[in-house]
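A.B. asks: What follows is a structure written as structure tokens; I'll ask about it next.
The values are calculated or read from the model by the stated rules, or taken from the named source; none is laboratory data. None of these values were measured; they are calculated from a predicted model. Here Cβ is always computed from backbone atoms with ideal geometry, including for glycine, and neighbour counts include all displayed protein chains.
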Amino acid sequence: MALRHAVLAALLDGETSGYELAKAFDLGVANFWYAQPQQLYAELTRLERDGLVAGREVVQENRPTKRLFTVTAAGLAELDDFAAACAKPSFVRDDLMVKVRAADHLDPGVLAEQLAERAEFAQAKIDLFERMLHGMRGGREEADFLREGERIGPYLTCLRGLAFERGNRDWCREAIAVLAQRGAAVAEGRQAGTEGR
């Protein structure tokens, strides 16, 4: 997938400024595609040049003029072509996983601290996703929204982000517990060895 497809999909919510797009990426899209704001602005320029989005300027009182973008028919056709292509499996690159892989040779206390930080970050994302999902439902029960909601794509991707972060949080907590148990067992073994002398 190219950044252009993620931007086109994000613009399906309606006319959007570059700033609003960056916020949308930071909140709802970042769970499956990360991009810096400057990358998004450059991509919007390319998409407009290629006729996949249309931009218009809006003059604001006491604020700078802003540019709003919408997906064109050509942009929708690009998304259709993208959707018709085979989906490739995703791959994870995570420096914390590399550290955990080497856990037997590292300071378990430092590793546990990093796992705890990741669990806290995951919990913050969980809270955010839960608020977003609640807002999208607009007071409706989830089953009703999924059956009758106007747009379910953003909701479904948010659900995936929620499940991903819950998995991250739970795994981090489990890894911390394992490191603590192993540390306690090692300490007991040392103490027993000292007392046996």
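A.B. asks: Is there a residue being touching a helix residue (DSSP H, G or I) at 6+ places or on another chain (Cβ under 7 Å), among the aromatic types (Phe, Trp, Tyr), under 27 Å from MET132 (Cα atoms) and not in a helix (DSSP H, G or I) anywhere in region 8-27?
C.D. replies: For region 8-27, residues touching a helix residue (DSSP H, G or I) at 6+ places or on another chain (Cβ under 7 Å), among the aromatic types (Phe, Trp, Tyr), under 27 Å from MET132 (Cα atoms) and not in a helix (DSSP H, G or I): absent.
A.B. asks: Let me ask something additional. Hey, which of the helices (runs of 4 or more DSSP H) in region 56-158, taking only ones fully inside, have at least 1 residues that are surrounded by 13 or more Cβ atoms within 10 Å (Cβ to Cβ), touching a His at 6+ places or on another chain (Cβ under 9 Å) and of a type outside the set (D, E, K, R)?
C.D. replies: Once the helices (runs of 4 or more DSSP H) in region 56-158 are filtered for at least 1 residues that are surrounded by 13 or more Cβ atoms within 10 Å (Cβ to Cβ), touching a His at 6+ places or on another chain (Cβ under 9 Å) and of a type outside the set (D, E, K, R), what remains is 73-84.
A.B. asks: Tell me the residue from VAL71, VAL100 that is of a type in the set (Val, Ile, Thr), assigned by TED's automatic domain parsing to the domain that holds LYS23 and under 23 Å from the mean Cα position of the chain (by Cα), please.
C.D. replies: VAL71
A.B. asks: From the list GLU117, GLU130, exactly one residue is outside the structural domain of LEU21 (by TED's automatic domain parsing), modelled with pLDDT of 95 or more and either in contact with a Pro (Cβ under 6 Å, 6 or more places away or on another chain) or among the acidic types (Asp, Glu) (or both). Which is it?
C.D. replies: Only one candidate qualifies: GLU117.
Each row is one residue, and each column tells you yes or no for (1) out of contact with any strand residue (DSSP E or B) (no Cβ under 9 Å at 6 or more places or on another chain); (2) free of Cβ contacts under 8 Å to residues at least 24 places away in the same chain; (3) among the β-branched types (Val, Ile, Thr).
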| site | (1), (2), (3) |
| --- | --- |
| TRP33 | yes, no, no |
| ARG63 | yes, yes, no |
| THR70 | no, no, yes |
| ALA85 | yes, yes, no |
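A.B. asks: Let me ask something else about it. Among the numbered criteria (1) under 13 Å from the mean Cα position of the chain (by Cα); (2) surrounded by 14 or more Cβ atoms within 10 Å (Cβ to Cβ), which single criterion is violated by ALA163?
C.D. replies: (2)
A.B. asks: If you take the residues in region 139-181 that are closer than 17 Å to LYS125 by Cβ and polar (S, T, N, Q), which one is modelled with the lowest pLDDT?
C.D. replies: The selected residue is THR157.
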